[in-house]
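Only one structure is covered here, and it is reproduced in the block below.
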Amino acid sequence: MFENLSDKLQGILGKLSNRGKLSEAEVDAALREVRLALLEADVNFKVVKDFISRVRERAIGAEVMKSLTPAQQVIKIVYEELIATLGEPSRLNLSGPSPHVIMLVGLQGSGKTTTAAKLALTLRKAGQRPLLVAADPYRPAAIVQLEVLGKQLDIPVHSEGTEVPPPKICSNALKRAREAAYSVVVLDTAGRLHINDEMMRELEQVKAQTHPQEVLLVVDAMTGQDAVRVADEFHKRVGLTGLILTKVDGDARGGAAISVRAVTGVPIKFLGVGEKTDALEVFYPDRMASRILGMGDVLTAIEKAQEVMDQEQALKMGQKLVKGEFDLEDFREQLRQIKKMGPISQLLDMIPGMSQLTKDMAPDVTDKQMKMIEAIINSMTPEERRNPRIINASRKRRIARGSGTTVTDVNDLLTQFRQMQHMMKQLGGGGRHGRGGLKGLMSMLGRLGG
Amino acid sequence: MSVFRRSKIRDSLTKTRHSFFGQIAGLLRGGEITEETWEELEALLVQADVGVNTTIALVDRLRTEVAKGRVRGAQALQDLLKQELLNLLGTPPPMIIDEPRLLTVVFIVGVNGSGKTTTIAKLAKYYKDRGRKVMLAAADTFRAAAIDQLKIWGERVGVPVIAHQPGADPGAVVYDSIRASQSRKADLLIVDTAGRLHTKYNLMEELRKVWGVANKRVHQAPHETFLVLDATTGQNALSQARYFKEAVHVTGVIVAKLDGTAKGGVVFAIAQELGLPVRFIGTGETLDDLAEFDAKAFVEGLFE
């Protein structure tokens, strides 16, 4: 997401000439384009206006530091202001006596029910005992939906059918939580329009009955200019404590995040990044700002790698690489490590510049290639893996049959692997030409499967 | 177009009009056209989600006309703006869904939470009231309880729903639904597909496959494919329309949830850039809150 916006900012600011100070005309020219890009990203009109005037004030006459070009200087200011607008990272407030109550509110279709399940799972992972509450008797089968999700996750769901009014359901659920020692209660309320007075009053009642620590507005990342009005109205009626931005895994530029945050002043706490119940991420404003500016979400990528890569193994691998002893056995291990980090397409998205590259590519291709490569290697004997040179025509036919591929595929893999081995040796031997890192590995993978 | 329908659109647009386009009308009635008029006009269009590019193009055209002296005074400018907005929407051909046919298959597609299932219920009611024999196919086998949701709507409307188990192959559901429609002599089959983000390659491929199942069973099916857009969606709606059109040949757009404060202005860009006409608008939460989209009434309504 956010690709176009960041491309634009870089395109525009790259044009600034390299002089000691930024002139008013230069800054204005750049900021006009920044303004358009932000508007196109669905950042609210008024929020953009404020934002631009803040950046302008700082940028005009700003001393260009020796290490920075003027373009970078402006990017830095825009980046800092973006972070400031997006606000501090914030966790759930679970202070005070349990059970804590978390109330989810929002428009129809913003993703409350899915988010409720994701949140409950996150809480359980953090050692809490969550209870989900189906407080939407209006949408057909909304209760069943939450019950199904609860069953999948093995998290209990409190429901009382469609006849009991939501405030009553919620206070009953709270009572049950106290009796059965649940530590957190997650209320999945019905979607409603912010201008529907009756429905908004119902939310006020639920809040009065349950005294939630957290009232979280669930906002679709694809929302347009209206996001501010929706958020403002919910905030006025039920006093929001935070936001959850959903469907961030799409290509929406997510200007709503900036708008809603600026208008309500409450922090963004989570991002919904997929349909699976574990696809909920903590929100980091600096990362989001980096993404907006096209610096890529490198931090997330690195963290993910650290989570799954066995440090010791990595070290051993490194030594092997340097000595040129890297064989197919190691290569397979490497593939498995990468696979643990999630779909390749998602990883690529986090690397600066890569998201643009892969945009029009079938994101699934690399994953498929990896599967094929692994199948071929799996069909080899351990000896063949350690010493690929012994693989003759007959062995190739056997491997192809075993892996459901063709002899050409096996040949391709072996050829590419030899080239890779060669490259690795060069890298290890103080190769300054090496294009190391994940990106280098990716491009090798690409060639392997291609 | 019936008076009833026209007034329905007006009702749903009342909020829009008063809060926003009402302002434009007021602005333009003011008489003198100044630099401020243009800036305000731009601001108001952008805030209606019309989009920066469309807005700039629109305002530029109006400026040229005014500069050439062809348009004098605010009233003439207002008329011209109406005309330009109308031009953006174009004049689409009659809907394929209305053509006489043994069995018409309609696909409903869209991103998660756009309002597909509710829209299907309204559509089913709409066409049942007009004498069609309607059946529904529950091809969203992925989202928890989506099948139950459609079944409940089917009961309320009084149309049969063909469904499999959760997690079943949506292609198989479509296959069975077509056979059921044929044997029960239904003439309109509306297929509910799972919500999917348009950027998810695998899910779009799956949709393509399901589309292919219908295409193989019935000549030229699906005859109509509607993309359901949430009215609150901003410029991302363009991207959605582009991807879905590419994958399953979307033939028209239905704008859902137009009863909030969102303006649905992105519709202009979608019609212009992708040639996709708006066919219906969802105007409320009851089964009858669906209106056939009429460009003229829509644009006229904005200025009343």
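Condition (residue is at pLDDT below 85, outside any helix (DSSP H, G or I) and not polar (S, T, N, Q)) applied to the range A:50-61: is it met by at least one residue? Yes - at least one qualifying residue is present in the range A:50-61.
Counting the residues of the range A:131-156 that are over 20 Å from A:Leu203 (Cβ atoms), outside any helix (DSSP H, G or I) and more than 10 Å from chain B (Cβ to nearest Cβ) gives 3. Exactly one residue out of B:Met135, B:Met95 is over 23 Å from A:Gly150 (Cβ atoms), in contact with a strand residue (DSSP E or B) (Cβ under 9 Å, 6 or more places away or on another chain) and modelled with pLDDT under 95: that is B:Met95. Annotation: of all residues in the range A:189-212 being buried (at least 18 other Cβ atoms within 10 Å of the Cβ) and outside any helix (DSSP H, G or I), the one that is farthest from the other protein chains (Cβ to nearest Cβ) is A:Pro212.
Out of the residues in the range A:90-130 that are within 13 Å of another protein chain (Cβ to nearest Cβ) and assigned to a loop (DSSP other than H, G, I, E, B), state the one that is surrounded by the fewest Cβ atoms within 10 Å (Cβ to Cβ). Ranking the qualifying residues of the range A:90-130, first place goes to A:Gln108.
If you go through the range B:108-127 one residue at a time, do you hit one that is more than 14 Å from chain A (Cβ to nearest Cβ) and at positive phi? No, every residue in the range B:108-127 fails to be more than 14 Å from chain A (Cβ to nearest Cβ) and at positive phi.
Here the condition is being out of contact with any Asp or Glu (no Cβ under 7 Å at 6 or more places or on another chain) and small (Gly, Ala, Ser); of B:Ala256, B:Ala262, B:Ala271, it holds for B:Ala271 alone.
The criterion of at least 2 residues that are closer than 23 Å to B:Thr54 by Cα and modelled with pLDDT of 90 or more is met, among strands (runs of 3 or more DSSP E) falling completely within the range B:203-304, by B:224-230, B:252-256, B:278-282. Just to be sure before I move on: is B:Gly154 at positive phi, surrounded by 21 or more Cβ atoms within 10 Å (Cβ to Cβ) and within 12 Å of chain A (Cβ to nearest Cβ) in the structure I sent? Here the answer is no, as B:Gly154 does not meet what is asked. Can you find a residue that is under 29 Å from A:Pro140 (Cβ atoms) and basic (Lys, Arg) anywhere in the range B:250-263? Within the range B:250-263 (the criterion being under 29 Å from A:Pro140 (Cβ atoms) and basic (Lys, Arg)), the answer is yes, since at least one residue qualifies. A single entry from B:Leu274, B:Leu287 fulfils the requirement of being within 14 Å of another protein chain (Cβ to nearest Cβ), of a type in the set (A, V, I, L, M, F, W, C) and surrounded by fewer than 22 Cβ atoms within 10 Å (Cβ to Cβ): B:Leu287. Of all residues in the range B:168-185, those being over 16 Å from B:Ile108 (Cβ atoms) and either within 11 Å of another protein chain (Cβ to nearest Cβ) or hydrophobic (A, V, I, L, M, F, W, C) (or both) number 3. Condition test on A:Leu123, is it more than 20 Å from A:Thr223 (Cβ to Cβ) and in the same structural domain as A:Ala231 (by TED's automatic domain parsing)? For A:Leu123, the condition - more than 20 Å from A:Thr223 (Cβ to Cβ) and in the same structural domain as A:Ala231 (by TED's automatic domain parsing) - is met. Within the range B:214-241, being surrounded by 24 or more Cβ atoms within 10 Å (Cβ to Cβ) and under 12 Å from B:Gly171 (Cα atoms) holds for one residue alone: B:Ala214.
The values are calculated or read from the model by the stated rules, or taken from the named source; none is laboratory data. Because the structure is predicted, anything quoted here is derived from the model rather than measured. Because the Cβ atoms are built from the backbone with ideal geometry, glycine has one as well, and the counts that use them run over all protein chains shown.
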